[in-house]
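> First the structure, then my questions, so here it is.
We did not get these values from a lab; they are worked out from the coordinates using the rules stated. A quick note: this is a predicted structure, and the numbers were derived from the prediction, not measured. Cβ: placed from backbone, ideal geometry, glycine included. Neighbour counts: every protein chain shown.
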Amino acid sequence: MGFVSDRRAELGEFLKARRARVSPEEVGLPSGGRRRTPGLRREELAQLAGVGVTWYTWLEQGRPINASGQVLDAVATTLRLSSIEREHLYRLAEATPARLPRANVCANELVFTEILTALDPLPAVITNTRFDIVQPNQAFSDLFHDWHTLPCVHKNLLWCLITEPRARQQLLNYDEEVPYLVARLRSAYGEHLGDPDWETDLERLCKLSPEFTQLWSRHEVAACTPRPRHIRHPIAGELHFTVTELAVPAYPDLLLFIETPATQETRERLPLTRRTLDPANA
């Protein structure tokens, strides 16, 4: 019952956050003067979606009521949800099938190592959906070596960006990357509500970072998409990459990130990021 309760509570918070994002003018309603909260009122959303006000109120309150796909689709359309937001909504409302069983294991750590090594000199890393670093290749470790100066509970891409001063200084599009990663984390969280590892990590990160707490409260969700990453490297100078994310089908909770030079200048400077094999630099 606790799992259902957590999921329903998350559903209610998500709906409230998305409702606050839609202005009356966007859906053809008069603004109605000063409002206590931004966005649509519950009764306005219910009317536009063709559902009962009481039913929708109960949905936002996290009550265990049934929600058909047709009704949820009407709510999603009214809230102007993107495809990834719709998927998140259906998952939280338990209106989609349970995740399919994992495929038979067709890879292992040795295979991961070989794939990552083959991608070198492109920086690449395998993480889980919480962005814990499972395995990097050497090019990735070299490029981001000095982003790991503080003691870590565990190595995690998002934790590193938020807590490491050098990461914040050297990632030039920090204000785009961090909200995106938090939104990706929120998307994955829908499948892990109540998981002790997830809940503990989120609690720690909220205590560590008011910035993360604020971003997490937005209930933003995002799909994976190729995106730019701009870095100011202490030796190589400004570097511009395109980050591509690939799924690992045999392991639904694993992701492969590859940094591809976005400019010829970056491709030419990339060797300057490599560290020597001197044990003192290991």
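> Subtracting the Cα-Cα distance from 0.36 nm times the residue separation, let me have the gained length for residue 264 to residue 173 in nm, one decimal.
Gain on stretching residue 264 to residue 173: 30.8 nm.
> Right, another one. Give, in nm to one decimal, the length gained when the segment between residue 13 and residue 117 is fully stretched (0.36 nm per residue of separation minus the Cα-Cα distance).
Stretched out fully, the residue 13 to residue 117 stretch lengthens by 33.2 nm.
> Have a look at 240, 216, 117 and report the one farthest towards the positive end of the charge dipole of the chain, computed about the Cα centre with Cβ charges (Lys/Arg +1, Asp/Glu -1).
216
> When a/c reaches 1.5 or more, the comparison of a/b and b/c decides; with that in mind, is the stretch 2-92 rounded, prolate or oblate per its Cα gyration tensor?
Note, shape of the stretch 2-92 comes out prolate.
> Can you order the peptides 87-94, 237-244 by their average number of other Cβ atoms within 10 Å per residue, highest first?
Ranked by mean Cβ neighbours within 10 Å, highest first: 87-94, 237-244.
> Moving to a separate point now. For the chain, compute the orientation-averaged projected area of the C-alpha convex hull (one quarter of its surface), in nm².
Over all viewing directions, the chain projects a mean Cα-hull area of 17.9 nm².
> How big is the dipole moment of the chain about its Cα centre under a simple scheme where the beta carbon of each Lys and Arg is +1, that of each Asp and Glu is -1, and everything else is neutral? Debye, nearest 20, please.
Using only the charged Cβ atoms, the result is roughly 900 debye.
> Same structure, new question: Work out the length of the dipole vector of the stretch 2-92 about its Cα centre, built from +1 on the beta-carbon of each Lys and Arg and -1 on the beta-carbon of each Asp and Glu, and round it to the nearest 20 debye.
For the stretch 2-92, the charge dipole is close to 260 debye.
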